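Here's the structure, in structure tokens; my notes come after.
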Amino acid sequence: MAAAGLAEVVVVGSCMTDLVSLTTRLPKAGETIHGHKFFIDFGGKGANQCIQAARLGAKTLMICKVGKDSFGNDYIENFKRNGISTEFVGQTEDAATGAASIIVNSEGANLLLDSEDLKRAANAISKAKVIICQLEIASSISLEALKMAHSNGVKTLFNPAPALAELDPQFYTHSDIFCCNESEAEILTGIPVGNPEDAGKVGLVLLERGCKLVIVTLGPEGCVMISVEEPIPKHIPAGKVTAVDTTGAGDSFVGALAFFMACYPHLSMEEVIRKSNFIASVSVQASGTQSSYPYRKDLPQDLF
Ligand SMILES: Nc1ncnc2c1ncn2[C@@H]1O[C@H](COP(=O)(O)OP(=O)(O)OP(=O)(O)O)[C@@H](O)[C@H]1O
Ligand SMILES: *[C@@H]1O[C@H](CO)[C@@H](O)[C@H](O)[C@H]1NC(C)=O
């Protein structure tokens, strides 16, 4: 496992225990219906992104909060199995591990990650190559982490998910890479996105707000990138594959971006994005979220 100060990719974000009930229909208010299949899965955008970066071979560290409960213990084991440093995974008595299901949706301990937690991890944050933040924790904490990293010259990768219509404008100015999907792009800019041309328009608006490089992901269409250095939208298509389950593709893509940026700093962003499209397109060919994320050893070695 990587020593804390040596992590290349640091993720500040959420862990969720996904309680998945497969039912034939959704329950009405107050109704109990029996699922025909129930399973527990590891999720949360921050953790997903960290897992994907780790499986590709980055030294990773997760800063998050879980409950002092069996879901929290299991999540820590999941991180360890994936070679992720858990030195700054806090366990609290004051909330349960975040859980999500079709019936309950509670952010749980994720909302208790606070400034003190970030201060304890300040050394790891300031020495990372790339930091990733999202919005499944308190947005003020995401912003504080981005600022800590940015002021130390760490590349900041921000994924505004789930999107907030009134995002603090400082998120734009502290994001080296701002990566959103079509619906997040529309919530942030009011521009509906259905094709690469629309995504380019969103990109221009977000550059004006202060981002250095914007990526709008477009599912099977890959994504569009635009940067301050080259303010002309560029469509980078994904390969054609047969999708089995696209859940978590966005997090696989973000985790892969961080891995390539941290471990192959000489690559152009266009090349980093092409490779990340490929990784995410592998993830859609298997079911589940983290269970669909590929390991380095199972990928074509010319990616590395
Ligand atoms: N059907 C697909 N075929 C090939 N690649 C895909 C497909 N769906 C997604 N991808 C890859 O995954 C990336 C992210 O997909 P998408 O834009 O759907 O993210 P997302 O909406 O955040 O995902 P989700 O919310 O489902 O986790 C795309 O840019 C692309 O590289
Ligand atoms: C974009 O990501 C959000 C999660 O933040 C998800 O709910 C939404 O379905 C995604 N949109 C698309 C078009 O995939």
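The values are calculated or read from the model by the stated rules, or taken from the named source; none is laboratory data. Here the structure is a predicted model, which is why all the values come from computation and not from measurement. Every residue, glycine as well, gets a Cβ built from its backbone with ideal geometry; the counts of neighbours run over all protein chains shown. Each accessible area value is taken on the protein alone, full model and side chains, heavy atoms only, with ligands, DNA and RNA left out. Shrake-Rupley method; radii C 1.70, N 1.55, O 1.52, S 1.80 Å.
Table for the structure above
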{"read-out": "Residue with peak Gaussian network fluctuation, the chain [Cα springs, cutoff 10 Å], from Pro160, Pro294, Pro169", "value": "Pro169"}
{"read-out": "For region 123-252: rounded, prolate or oblate by the Cα gyration tensor [a/c cutoff 1.5]", "value": "prolate"}
{"read-out": "Longest DSSP-loop-exposure-free segment, GluC sites (Glu not before Pro), the chain, at most 12 other Cβ within 10 Å", "value": "230-304"}
{"read-out": "Accessible carbon and sulfur surface of the chain relative to its total accessible area, %, 1.4 Å", "value": "54 percent"}
{"read-out": "Accessible area (Å², per residue) of the chain, counting only protein heavy atoms and a probe of 1.4 Å", "value": "44 Å²"}
{"read-out": "Within region 168-270: Cβ-based charge dipole about Cα centre, in debye rounded to nearest 20 (Lys, Arg +1; Asp, Glu -1)", "value": "160 debye"}
{"read-out": "Alpha-carbon centroids, region 166-226 and region 107-129: separation in whole Å", "value": "26 Å"}
{"read-out": "Filter on Lys129/Lys212; Lys37/Lys297; Lys45/Lys147; Lys147/Lys297 - keep pairs with C-alpha separation over 24 Å", "value": "Lys37/Lys297; Lys147/Lys297"}
{"read-out": "Shape category assigned to region 185-235 from the gyration tensor of Cα positions, a/c cut at 1.5", "value": "oblate"}
{"read-out": "Amide H contacts under 5 Å for Ile215, placed H, 5+ residues apart", "value": "Phe178, Cys179, Cys180"}
{"read-out": "Highest-fluctuation residue, Arg55, Arg81, Arg274 considered, GNM on the chain with Cα pairs under 10 Å", "value": "Arg81"}
{"read-out": "Rg to Rh, two decimals, where the chain supplies the alpha carbon set and Rh follows Kirkwood", "value": "0.95"}
{"read-out": "Length-normalised contact order of the chain in % [C-alpha pairs under 8 Å, at least 6 apart]", "value": "17 percent"}
{"read-out": "Helix-only CD estimate at 222 nm, as mean residue ellipticity for the chain, using -39500 (n - 2.57) per DSSP H run (n ≥ 4)", "value": "-10000 deg cm²/dmol"}
{"read-out": "Under 5 Å, built H, 5+ apart or other chain: amide partners of Ala99", "value": "Thr17, Ser106, Gly108"}
